[in-house]
Amino acid sequence: MLPPPPKAHGLLDGKVTLVTAAAGAGIGYATARRCAEEGATIVLSDRHERRLAAAADALTDLTGVRPLAVPCDVTSEPQVLALFDAVAEAHGRLDVVVNNAGLGGTAELAGMTDEQWHAVLDVTLNGTMRCTRAALRQMYAQGSGVIVNNASVVGWRAQRGQAHYAAAKAGVMALTRCVALEAAEHGVRVNAVAPSLAVHPFLAKVTGEELLAELAAREAFGRSAEPWEVANVIVFLASDYSSYMTGEVVSVSSQHP
């Protein structure tokens with residue numbers, strides 16, 4: 001049985017929070033919405049400008065405050081730097097970054113092209129690295145900050161046709177753990193979430209019903225997560241309630257080692 005969404009408790013009051021890949025109906029927008037509900041000052045980013053504007057409109061209707069919305073393709077270093085410069089110019093600080101951008105796809109390795117491999121790795125792993133690097137430079141200067149990366153349980157477990165995506169997400173996990181050690185002395189925490197299946201309309205459109213049902217059946221609750229359920233864990237990691245946690249990968253699934 002699906003529980004109701006939780007009430008807000010002001011967990012992120014006043015915190016400037018950037019969420020990448022925040023347009024659409026998935027984890028990114030759900031995270032931006034939950035952070036806004038918890039009092040954060042939101043910055044939205046996505047490479048799809050039309051959907052980004054729609055997400056900004058939706059948050060404006062929800063909160064009465066229009067968030068800064070900056071188009072950005074995380075595979076482009078100049079665009080990433082421009083994004084973080086825009087946040088600094090608009091708000092003067094950056095408290096939380098949620099690296100949500102990722103690219104999937106299904107292809108078995110024997111038939112996979114270099115282009116397919118590089119496309120997934122460049123968005124999912126390299127994009128997370130680029131945004132993390134830019135965030136650290138700002139957060140080190142201010143002596144505080146939190147980064148939450150979106151990994152996946154396929155970084156731990158095997159799934160056919162997902163070698164590129166699994167390798168990228170395992171890389172995000174390793175990146176998270178290593179950077180956490182480097183950032184601790186600067187007062188910056190770095191953690192990750194590892195969801196399994198959070199169904200939203202776009203995912204349902206591009207994924208077969210049989211596979212979705214199979215993946216949901218593997219979960220202890222016998223269903224997929226709602227995007228806001230993953231967002232709740234991200235909010236916790238972004239908040240001061242997790243002040244002693246860094247370098248952790250928190251599973252939002254029963255499918256972890």
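A full extension of the chain between E210 and L2 corresponds to an added length of 72.8 nm, given 0.36 nm per residue minus the alpha carbon distance. Largest to smallest in accessible area, the residues S243, S254 fall in the order S243, S254 (1.4 Å probe, all protein chains included).
Spin-label pair R223-T106: with each label point 7 Å from Cα along the Cα-Cβ axis, the two points sit 2.4 nm from one another. Solvent-accessible area of the chain (1.4 angstrom probe, protein heavy atoms only): carbon and sulfur portion equals 56 percent. The share of alpha-carbon pairs in region 95-238 lying farther apart than 22 Å comes to 43%.
For region 15-145, what is one quarter of the convex hull surface built on the Cα atoms, given in nm²?
The Cα convex hull of region 15-145, projected and averaged over all directions, gives 8.2 nm².
A cut-off of 5 Å between modelled amide H atoms, ignoring neighbours fewer than 5 places along the same chain, links V252 with A194, S196.
Taking every DSSP helix (H) stretch of at least 4 residues in the chain, weighting each as -39,500 (n - 2.57) and dividing the sum by the residue count yields a mean residue ellipticity at 222 nm of -14000 deg cm²/dmol.
Ranking A174, P5, T31 by Cα position along the charge dipole of the chain, where only Lys, Arg, Asp and Glu carry charges on their C-beta atoms, puts P5 farthest toward the positive end.
Rounded to 0.05, the FRET efficiency of the E248 and R160 pair, given R0 = 35 Å and the Cβ-Cβ distance, is 0.80.
If only the Cβ of Lys and Arg carry +1 and only the Cβ of Asp and Glu carry -1, the dipole of the chain around its Cα centre is close to 220 debye. Accessible surface ranking for D114, D73, 1.4 angstrom probe, highest first: D114, D73. How far is helix 77-91 tilted off the main Cα axis of the chain, in degrees rounded to 10, range 0 to 90? Its long axis makes an angle of about 40 degrees. When the inverse distances between all different Cα atoms of region 87-174 are averaged and flipped, the Kirkwood radius reads 14.0 angstrom.
Across the chain, Cα-Cα distances exceeding 35 Å account for 9% of all pairs. Among M129, M112, the sequence by solvent-accessible area, most first, with a 1.4 Å probe is M129, M112. Using 0.36 nm per residue and subtracting the Cα-Cα separation, the extra length available between A141 and A53 on full extension is 28.6 nm. Annotation: per residue accessible area for region 119-188 equals 37 Å², rounded to a whole number [probe 1.4 Å, protein chains only].
The values are calculated or read from the model by the stated rules, or taken from the named source; none is laboratory data. These numbers come from a predicted model, not from an experiment. Glycine gets a Cβ as well: all are built from the backbone with ideal geometry, and neighbour counts include every protein chain shown. SASA here: full protein model, heavy atoms, side chains in, ligands and nucleic acids out. Shrake-Rupley method; radii C 1.70, N 1.55, O 1.52, S 1.80 Å.
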